[in-house]
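Below you'll find the structure, written out as structure tokens, and then a few comments.
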Amino acid sequence: MDHIKGKVIVITGASSGIGHATALLLAQKGAIVVLGARSLDKLEQLVSQIKAEGGQATYAAIDVTQRQHLEKLVALALATYGKLDVLINNAGIAPISLLDELQVEDWDMMIDVNIKGVLYGIAAALPVFRKQGFGHIINIASTAALKITPAAAVYSGTKFAVRAISEGLRQEAGPNLRVTIITPGIIKTNLVDSIASPGIKAQIAEAMDSIAISPDAIARAMAYAIEQPADVDISEIVVRPTAQV
């Protein structure tokens with residue numbers, strides 16, 4: 001199927017991990033990618049790589065906790081390429097900890113990035129999609145929203161919220177818009193770097209070293225959802241290592 005070529009796709013959290021892998025894969029498949037993240041240097045390097053490989057890309061430094069930044073990223077896509085086909089709300093953080101540790105600032109940040117960041121992306125893209133009469137929103141959840149574990153209560157809560165918001169949006173979307181939840185398991189990313197507790201950080205790092213799979217697996221899942229015909233909605237894809245319980 002050739003339903004990716006020429007699509008304009010906005011990706012948040014694009015400078016590393018899943019976002020980085022997805023930007024590369026979609027550009028290789030002929031998509032035009034509009035990339036946002038906080039790290040300007042990494043975005044510049046990624047866009048240079050995509051262009052060197054013959055792809056099309058542009059970028060902006062954004063913080064998904066700022067609604068106007070998502071509006072700016074969508075506006076960049078429209079101003080540069082004249083449309084927006086897909087928004088991928090990928091940015092997320094996971095500074096997990098035991099509730100007894102009272103890491104309230106980390107709780108607040110997870111809520112701001114993982115929940116509000118998704119809502120701000122929806123708020124920026126949805127009016128555009130309604131006006132165009134087409135569009136596709138992809139939100140990144142987590143298997144932490146399917147199975148709760150100690151130290152991940154707040155993180156799981158944010159990802160439960162992503163799944164609830166996404167399903168509600170899908171039901172409201174109507175026949176012309178598509179909504180997909182991508183639910184990754186343990187993936188080789190830098191999320192572990194944000195964990196403050198040495199014990200929990202070591203535990204997660206060990207799991208990543210032993211069973212984590214490449215971000216490319218998630219990128220392929222997103223490409224699969226995007227490349228379907230316009231009347232086919234891939235509602236959710238769960239991708240986890242075979243070794244993950």
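Computed quantities for the displayed model
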item	result
Filter result (touching a residue at least 12 places away in the same chain (Cβ under 8 Å) and either out of contact with any Gly (no Cβ under 7 Å at 6 or more places or on another chain) or within 16 Å of His136 (Cβ to Cβ) (or both)) within segment 188-206	Lys188, Leu191, Val192, Ser194, Ile195, Ala196, Ser197, Ile200, Ile204, Ala205
Condition check for Lys159: surrounded by 21 or more Cβ atoms within 10 Å (Cβ to Cβ) and charged (D, E, K, R)	yes
Residue match in segment 101-123 (condition: open to solvent by less than 70 Å² (accessible area, probe 1.4 Å), closer than 22 Å to Ala230 by Cα and among the aliphatic types (A, V, I, L, M))	yes
Test: residue in segment 8-26 that is over 17 Å from the mean Cα position of the chain (by Cα) and either surrounded by fewer than 22 Cβ atoms within 10 Å (Cβ to Cβ) or in a loop (DSSP other than H, G, I, E, B) (or both)	no
Filter result (exposed (fewer than 14 other Cβ atoms within 10 Å of the Cβ), under 30 Å from Lys7 (Cα atoms) and in contact with a Ser or Thr (Cβ under 9 Å, 6 or more places away or on another chain)) within segment 186-245	Asn190, Ser235
Any chance Glu71 is out of contact with any helix residue (DSSP H, G or I) (no Cβ under 6 Å at 6 or more places or on another chain) and either among the charged types (D, E, K, R) or crowded, with 24+ Cβ neighbours inside 10 Å (or both)	no
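The values are calculated or read from the model by the stated rules, or taken from the named source; none is laboratory data. Everything numeric here is computed off the predicted structure, so don't read it as measured data. Virtual Cβ from ideal backbone geometry, glycine too; neighbours counted across all protein chains shown. Quick note on the areas: whole protein, heavy atoms, side chains included, nothing else; ligands and nucleic acids left out. Shrake-Rupley method; radii C 1.70, N 1.55, O 1.52, S 1.80 Å.
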